[in-house]
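Colleague: One structure is given below, represented as structure tokens, and several questions about it will come after.
The values are calculated or read from the model by the stated rules, or taken from the named source; none is laboratory data. Here the structure is a predicted model, which means the values were calculated and not measured. Please note: Cβ atoms are built from the backbone with ideal geometry, for glycine as well, and neighbour counts cover all protein chains shown. The accessibility values were calculated without ligands, DNA or RNA, using every heavy atom of the protein model including side chains. Shrake-Rupley method; radii C 1.70, N 1.55, O 1.52, S 1.80 Å.
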Amino acid sequence: MRARVLVTQGSWDVEIGELLTALGARVYFLVPNAGWQKVYQRATHVLIPGGADIHPREYGERVTWARPTAPERDQVELRLAHRALDDGKPLMGICRGHQVITVAAGGTLYQDIEAGTGTAHPSRPHAIRVHPQSQIGRLLGPVVRVNSYHHQAVKRVPAGWRVVAESLDGAVVEAIEHPYLPVISVQWHPEVLGDWGLFQLFLGLCEGGV
């Protein structure tokens, strides 16, 4: 069956849509201020791309380093992520989307990596370690080079989830995974790298479990 992917609007969403379409999916973009429920019901998969910081109140903190924020987008995407996780619908998060999934599942964020960890995170492409027995590890291998367009990162991993990729110094969580929910959640931007593999993996996920 042809996958029907709901994509919220964000960084490189057009490129993501083109890539998914080239892989045979039908893409539905969620326009601002539109109700997401009807589109969600038609969709077989949900993808949340990159963009502005999540407002810290969504994970119980006051603003220190988070900016710019997008509270209206938070409201839609956090509800959408909650619903997809509850329903076991295939869900992919990229950069901000990865952080949305983290917060929706009960985790927290470093509002700024350097301020929170004392470690500068490179803005240039860099290598990360990937757990070889994870979904993405079986696809990408134990070490992979990724890009970096973010100043925030996962701080507390949601209960029941595990870190499956991290920076070489261990300071930055680059991907998380759930033991049975069909989720791809990565901090980098595979659409910028032209990495079709992760999107193929995502489209191959089935509702209800990996």
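Colleague: Taking the criterion of being in contact with a Gly (Cβ under 9 Å, 6 or more places away or on another chain), at pLDDT 95 or above and not in a strand (DSSP E or B), would at least one residue in segment 192-205 satisfy it? Steps first, answer last, please.
Modeller: Going residue by residue through segment 192-205, those that are in contact with a Gly (Cβ under 9 Å, 6 or more places away or on another chain) are 203.
Pick out the ones that are also at pLDDT 95 or above and you get 203.
From what's left, not in a strand (DSSP E or B): 203.
Yes, segment 192-205 contains a residue that is in contact with a Gly (Cβ under 9 Å, 6 or more places away or on another chain), at pLDDT 95 or above and not in a strand (DSSP E or B).
Colleague: Something else: What's the number of the condition Asp86 fails, among (1) more than 17 Å from Leu198 (Cβ to Cβ); (2) surrounded by 14 or more Cβ atoms within 10 Å (Cβ to Cβ); (3) within 18 Å of the chain's Cα centre (by Cα)?
Modeller: (2)
Colleague: Counting just the residues of segment 6-37 that are closer than 15 Å to Gln200 by Cβ and assigned to a helix (DSSP H, G or I), which one comes out most open to solvent (accessible area, probe 1.4 Å)?
Modeller: Selected residue: Glu18.
Colleague: Assess whether Arg83 counts as being of a type in the set (Lys, Arg), over 16 Å from Ala153 (Cα atoms) and out of contact with any His (no Cβ under 9 Å at 6 or more places or on another chain). Steps first, answer last, please.
Modeller: Values: of a type in the set (Lys, Arg): yes; over 16 Å from Ala153 (Cα atoms): yes; out of contact with any His (no Cβ under 9 Å at 6 or more places or on another chain): yes.
Answer is yes for this residue.
Colleague: While we're here: Against the definition (outside any helix (DSSP H, G or I) and either open to solvent by 50 Å² or more (accessible area, probe 1.4 Å) or at positive phi (or both)), how does Glu114 come out, yes or no? Lay out the reasoning, then the answer.
Modeller: Working: outside any helix (DSSP H, G or I): no; either open to solvent by 50 Å² or more (accessible area, probe 1.4 Å) or at positive phi (or both): yes.
No: the conditions fail for Glu114.
Colleague: Only residues in segment 1-28 that are within 18 Å of Ala84 (Cα to Cα) count as the first member; pair them with residues that are surrounded by fewer than 18 Cβ atoms within 10 Å (Cβ to Cβ) and polar (S, T, N, Q), Cβ under 7 angstrom, at least 6 apart or cross-chain, and list the lot.
Modeller: Val27/Thr21
Colleague: Let me ask something else about it. Pairs, please: C-beta under 7 Å, at least 6 apart or cross-chain, first residue closer than 24 Å to Gly160 by Cβ and in segment 104-122, second open to solvent by 30 Å² or more (accessible area, probe 1.4 Å) and part of a helix (DSSP H, G or I)?
Modeller: Sorted first by the residue in segment 104-122, then by its partner, the pairs are Ala104/His82; Tyr110/Gly116; Tyr110/Thr117.
Colleague: Let me ask you something else. Output the qualifying pairs, or none if there are none: Cβ atoms under 8 angstrom, residues six or more apart or on different chains, first residue in segment 50-62 and more than 10 Å from Val100 (Cα to Cα), second residue open to solvent by less than 30 Å² (accessible area, probe 1.4 Å) and basic (Lys, Arg).
Modeller: Between residues of segment 50-62 that are more than 10 Å from Val100 (Cα to Cα) and residues that are open to solvent by less than 30 Å² (accessible area, probe 1.4 Å) and basic (Lys, Arg), the close pairs are Gly51/Arg96; Ala52/Arg96.
Colleague: Restricting to segment 158-186, what's the tally of residues that are closer than 24 Å to Gly118 by Cβ, in a strand (DSSP E or B) and among the acidic types (Asp, Glu)?
Modeller: Adding up the residues that qualify gives 2.
Colleague: Looking only at residues that are open to solvent by 50 Å² or more (accessible area, probe 1.4 Å) and polar (S, T, N, Q) in segment 38-68, which one is nearest to Phe199 (Cα to Cα)?
Modeller: Step one: filter segment 38-68 for residues open to solvent by 50 Å² or more (accessible area, probe 1.4 Å), giving 38, 41-42, 57-58, 60-65, 67-68.
Next, from what is left, pick out any that are polar (S, T, N, Q): 41, 64.
Details: Gln41: 21, Thr64: 34 Å.
Among those residues, the one meeting the criterion is Gln41.
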